[in-house]
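*Asks:* For reference, the structure I am asking about is given below.
The values are calculated or read from the model by the stated rules, or taken from the named source; none is laboratory data. This structure is a prediction, so every number in the text was calculated from the model and none was measured. Positions of Cβ are backbone-derived with ideal geometry, glycine not excepted, and every protein chain shown enters the neighbour counts.
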Amino acid sequence: MPVADMTNILPNTQVAGAALTVAGLAHAAGTGNTASGYFSATQLTKLTEAIAAKDATVNAAQLANAIDTQLNGSGIDPATALSTITDKTLPILNASGTNTLNKNTTSVMTKAFQYIEIPVSYGHPFDIGKKGKLGLGITGKVITGTVYQNEVLLVNRPNNVNAKDIINDITDNKKSSSSIGIDIGALYKYENWLNIGLVAKNINSPKFDGPIYHDTVKATSVQSSAVELKPQVRTGVAIEPVGWVSLAADLDLTENETVSPGSLVGSSIKSRNFGGGAEFKPASWLKLRGGAYKNLAGSNGNVLTAGFKLFLLDVDGAFATNTFTIDGHELPKEVKVNAAMSFSF
């Protein structure tokens, strides 16, 4: 997530022999300036008053007239130009001229979460006669999570920043903690060919403490916010037209947060997947899977999936068809790998 310093943005040196302060600009503008009619009379008065309020020693009217003439013919809406000058430009022009680029603290905030969970599950079936069977289950999980957070300067560093710096620096500040998670689920089976399931994960919203990191803008240590695993609900259906083939589809009922930053600062890309696939079972000890899914709340393109089960070992993978480039390498926007060993008793 970018953290832009929009205050310390002035050049380090004087321009045309004048410091980039209100007094410096007034000196560069000189005298004898007349308005060109770009601003209305009311707007020009507001600009003059804003300049005078910033530095009462300058000829505010002359500087306002010079700005009016300079902007004439620019194509910029006068109201927009006036608000930009009064709200953004004038506040960083001060008498001491300290808001220079060599003090800029523009940075990128990096945050990541890694966790390991050890689940124990219990399920129980209920026979509902000719209508089929209903299974209910619950999982209790011990979760150990590590939250990483750091702020990496993009300017005024000893060396130029690159993607490797951002990736390496993210591990500088981390904190591990443990929590308990609870999942619940239900499965309806009709005869031997139809299954309908519903699962709700992390219904108790387990939380994990964030680390202390150095805020470059405030120049102080800051306690980062905790990471919360919010509840997620998914439903799915599977049919078996023949004994050795299963066809399945599932849909997220909740729109879930991800760690990927969104278009607005502080937001994240959402995830609400809809997908499907097929599983082939040529033998009791071997299963082969393939399919695809799409994020209905985002735009990573289609994600292709494949996997297999060999005795107790399950391995599955997924990768997006859309890509991005980092350090000259083209990578899928989304990659997932899952491996598990499971048995029933």
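*Asks:* Looking at the structure I just gave you, is residue 225 surrounded by fewer than 13 Cβ atoms within 10 Å (Cβ to Cβ), of a type in the set (Ser, Thr, Tyr) and in contact (Cβ under 8 Å) with a residue 24 or more places away in the chain? Steps first, please.
*Replies:* Values: surrounded by fewer than 13 Cβ atoms within 10 Å (Cβ to Cβ): yes; of a type in the set (Ser, Thr, Tyr): yes; in contact (Cβ under 8 Å) with a residue 24 or more places away in the chain: no.
No; evaluated as a whole, the condition is false for this residue.
*Asks:* If you go through the range 67-81 one residue at a time, do you hit one that is modelled with pLDDT under 85 and either under 32 Å from the mean Cα position of the chain (by Cα) or among the aromatic types (Phe, Trp, Tyr) (or both)?
*Replies:* Within the range 67-81, not a single residue is modelled with pLDDT under 85 and either under 32 Å from the mean Cα position of the chain (by Cα) or among the aromatic types (Phe, Trp, Tyr) (or both).
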